[in-house]
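Participant: Sharing a structure below in structure tokens format, with a few things to ask.
Just so it is clear, none of the values below were taken in a lab; they were calculated from the coordinates. For clarity, every value in this text was computed on a predicted model and none was experimentally measured. Don't worry about glycine lacking a Cβ; one is built from the backbone with ideal geometry, like all the others, and counts go over all protein chains shown.
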Amino acid sequence: MRDMEDQLLSILTPIAHHPFHAVPDSAPYTLQLHAQDVTRICQALQQHDQLYFDQLSCITGLDNGPEANTLEVIYHLYSIPFNRSLALRVVLPREAPELESVASLWKSANWLEREVFDMYGIHFTGHPDLRRILMPADWEGFPLRRDYQHQETYLGVTVKY
């Protein structure tokens with residue numbers, strides 16, 4: 001693990017415009033990045049011949065609650081030829097959370113970013129088709145946010161919880 005950490009730091013530090021750090025005791029190994037560095041770091045992780053994280057397995061949203069006033073996006077990457085896993089964590093402000101899309105790097109990001117947008121309201125700029133994927137297009141709010149208020153009716157029908 002230490003070899004991968006040293007390798008990541010030596011390759012990514014010159015690319016990043018903002019400081020980043022490893023999340024202690026994380027599994028898989030996790031780097032916390034600044035939102036403005038996500039695309040350039042992801043591009044290096046995918047294209048560098050010593051890293052080659054060729055698979056984006058998952059993008060997860062996380063709501064830290066109104067008290068913390070932050071949301072998170074966590075990317076799970078895998079390098080098939082090197083048999084390595086890596087997670088990238090990005091903390092965003094709750095008001096107007098926004099990240100650049102990585103759909104141009106990994107095709108799987110297309111639907112994964114749409115799911116995070118649909119459930120948490122995190123906007124992915126440059127996404128080719130950012131619209132709801134799980135909820136109806138006219139649904140109000142983002143259901144996985146901790147402060148989400150359930151709708152009492154939808155299209156004139158009472159919604160029971």
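Participant: Given points 7 Å out from each Cα along the Cα-Cβ axis, report the GLN7 to ARG146 separation in nanometres with one decimal.
Facilitator: Between GLN7 and ARG146, the label points sit 3.7 nm apart.
Participant: Nearest 10 degrees is fine. How inclined is helix 38-47 to the longest principal axis of the chain, computing both from alpha carbons?
Facilitator: That helix lies at roughly 50 degrees to the long axis.
Participant: Of the candidates PHE82, PHE142, PHE124, which one comes out as most mobile in a Gaussian network treatment of the chain with C-alpha springs shorter than 10 Å?
Facilitator: PHE82
Participant: With a point put 7 Å past each Cα toward its Cβ, work out how far SER104 is from THR70 in nm, to one decimal.
Facilitator: 2.8 nm
Participant: Taking the simple approach of a point 7 Å from Cα along Cα-to-Cβ for both HIS17 and TYR29, what is their distance in nm?
Facilitator: 2.6 nm
Participant: Also, I was wondering about something else. Which of the following values of Cα Rg over 2.2 N^0.38 Å was calculated from the structure shown: (i) 1.13; (ii) 0.98; (iii) 1.90?
Facilitator: Calculated Cα Rg over 2.2 N^0.38 Å: the matching label is (i).
Participant: Related question: Kindly put SER10, SER79 in sequence by how many other C-beta atoms sit within 10 Å of each C-beta, fewest to most.
Facilitator: Lowest count first: SER10, SER79.
Participant: Defining a contact as two alpha carbons under 8 Å apart and six or more residues distant in sequence, what relative contact order in percent does the chain show?
Facilitator: 17 percent
Participant: Relative to the longest principal axis of the chain, what angle (0 to 90°, nearest 10) does the C-alpha long axis of helix 2-12 take?
Facilitator: In the chain, helix 2-12 runs at an angle near 80 degrees to the longest axis.
Participant: Next question, about the same structure. Provide MET119, MET135 in ascending order of the number of other Cβ atoms located within 10 Å of each residue's Cβ, fewest first.
Facilitator: MET135, MET119
Participant: While we're on this one: Based on other C-beta atoms within 10 Å, arrange SER85, SER57 from fewest to most.
Facilitator: Exposure proxy ranking, most exposed first: SER57, SER85.
Participant: With +1 on the Cβ of every Lys and Arg and -1 on the Cβ of every Asp and Glu, and nothing else charged, how large is the dipole of the chain about its Cα centre, in debye rounded to the nearest 20?
Facilitator: Charge dipole of the chain: 200 debye, to the nearest 20.
Participant: Toward the positive end of the charge dipole of the chain, about the Cα centre and with charges on Cβ (Lys, Arg +1; Asp, Glu -1), which of ALA16, ALA103, VAL91 goes farthest?
Facilitator: ALA103
Participant: Another question about this same structure. Fully extended, how many nm does the chain gain between TYR78 and ARG40 (0.36 nm per residue separation, minus their Cα-Cα distance)?
Facilitator: Full extension from TYR78 to ARG40 adds 12.0 nm.
Participant: Oh, and also: What share of the DSSP beta bridges in the chain is antiparallel, in percent to the nearest 5?
Facilitator: About 75 percent, rounded to the nearest 5.
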